Amino acid sequence: MAVSISELTDESPSRVCPSCGAGNLRTSSVCYRCGETIPLHGDHVPAPKGGPLVGDDQITIRVAWSIGVNALRLVRRTRSLLLFPLLGGGSAIGALALLGLAFYSLHPNFATLPFWAVDHLGWVLLFIVLAYLSAVLISTVFLAGLIGASVIALEGGHPQLRDGWRVARAHLGPLLAWSLVDATVGLALQVVARRLGWAGAIVGIAGGIAWGISTYFVVQVLVLEQQRIGPSVARSARVMRHLFGDVVFSDIVADLLLAAGSILFLGTVTVGLVGMLLYGYSTGYLLLAAVGVIGGIFLLVLGSAVAAVVQTGLFRYAVTGDLDRTLFPARMARTPTAS
C-alpha cells in the first residue's frame with residue numbers, strides 16, 4: 001500500500017501503516033502493531049490530531065469518573081496489568097535494600113553510624129543519588145511495560161507480563177537515557193531549592209511542576225512513537241498543551257485510589273507502631289499494621305495501573321483523534337480534528 005507525501009504531512013486526514021493498514025498512527029517511525037517502518041515527512045512531527053474535548057465530549061467530573069471506572073474495569077479484566085506496578089515497586093525496594101547493604105558494608109557498626117555519616121557526607125550523598133537514580137530507572141522501565149500492555153488491552157487483547165516486558169526491553173536504551181535525564185533534572189531542582197532558600201524553594205516547586213507537565217507523556221512517546229529524547233519531550237509538551245484540561249480531570253479515580261492507598265498504608269502503620277511503643281508488643285497492633293500495609297499496597301498498585309491506562313488512552317486519542325470506546329463513555333461522539 002503506497003503512502004503519498006501528502007499523507008505524511010500535518011494536514012493529512014489519517015496516518016496509515018503501509019504494511020498492515022493501521023490508520024491510528026500519526027508520527028510513529030515504526031508501527032507498534034506489525035513492526036513495519038513508517039517513513040516520516042523529513043524531521044517534521046505533526047501536531048496532535050485530537051485536540052481538547054469540547055461540547056458534549058468535554059471531560060467533566062462525571063465523564064472523568066466514567067473514564068476512570070472503565071479503566072478500572074479494564075484492569076479487573078486484565079489483571080496482568082497489576083503486575084507491572086507491583087513488580088516495579090518491589091524492584092525499587094530491592095534496589096534500595098542492596099544500596100543499604102553496600103552502605104552498611106562500608107561501616108558495619110550501627111552504634112557510630114550517624115557520626116560516620118557526618119564525617120563521610122560525600123559517600124552518603126552518593127548513595128542517596130544512586131538510590132534516586134535506581135528508583136527513577138526502575139519505575140520508568142516498568143511504566144513502559146505497563147503502557148505496552150495497556151495498548152494491547154485497549155485494542156481488545158489479553159496481554160501477559162511477557163508482552164509488556166517485551167515492549168520495555170525493545171526500548172531499553174531510550175528508557176535508560178530518559179531516566180538519567182529525568183533524574184538529573186529532579187536532582188538539579190532539589191539542589192536549587194536547597195541552595196537559594198525560600199526563593200529556591202519557589203523555583204524548585206515551579207520548575208518541578210513545569211517539568212512534570214511538559215514530560216507527562218514522554219514514556220508514551222518513547223514507546224509508541226519511538227522518538228529520540230529531545231523530540232519526545234517536545235512532543236509530550238505539545239500533546240499536553242492540547243489536552244491539559246482533559247488530563248487534569250481524567251485521573252480522578254486513579255488519584256482517589258492512590259490517596260486512599262497512601263492514607264491506609266501510612267495511617268495503619270503509624271497507629272500500629274505508636275500503639276506498640278506506648279502499650280508494648282501486641283498481636284492486634286501488628287495485625288492492624290499488616291492489614292494496612294497489604295491493603296494500602298493493593299490500592300496503590302491498582303491506582304497506578306488505572307492511571308497508566310487512562311494516560312495511554314488519552315495519548316492514543318491525541319494521536320488518532322478517535323475516542324477509544326473501551327475507555328471513553330459510549331455516548332461521546334467522534335471529536336473533530338483540532339486545527
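The values are calculated or read from the model by the stated rules, or taken from the named source; none is laboratory data. Bear in mind that the values here come from a model prediction, so they are computed numbers and not experimental data. Cβ sites come from the backbone with ideal geometry, for glycine too, and all protein chains shown count toward neighbours.
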- Residues in the range 296-339 that are among the aromatic types (Phe, Trp, Tyr), crowded, with 20+ Cβ neighbours inside 10 Å and either out of contact with any strand residue (DSSP E or B) (no Cβ under 9 Å at 6 or more places or on another chain) or modelled with pLDDT under 75 (or both) total 2
- Query: Just to be sure, is Gly156 of a type outside the set (Phe, Trp, Tyr), surrounded by 14 or more Cβ atoms within 10 Å (Cβ to Cβ) and either at pLDDT below 85 or closer than 19 Å to Val319 by Cα (or both)?
  - Reply: no
- Task: Go through the range 209-237 residue by residue and tally those that are assigned to a helix (DSSP H, G or I) and either crowded, with 18+ Cβ neighbours inside 10 Å or aliphatic (A, V, I, L, M) (or both).
- Result: 17
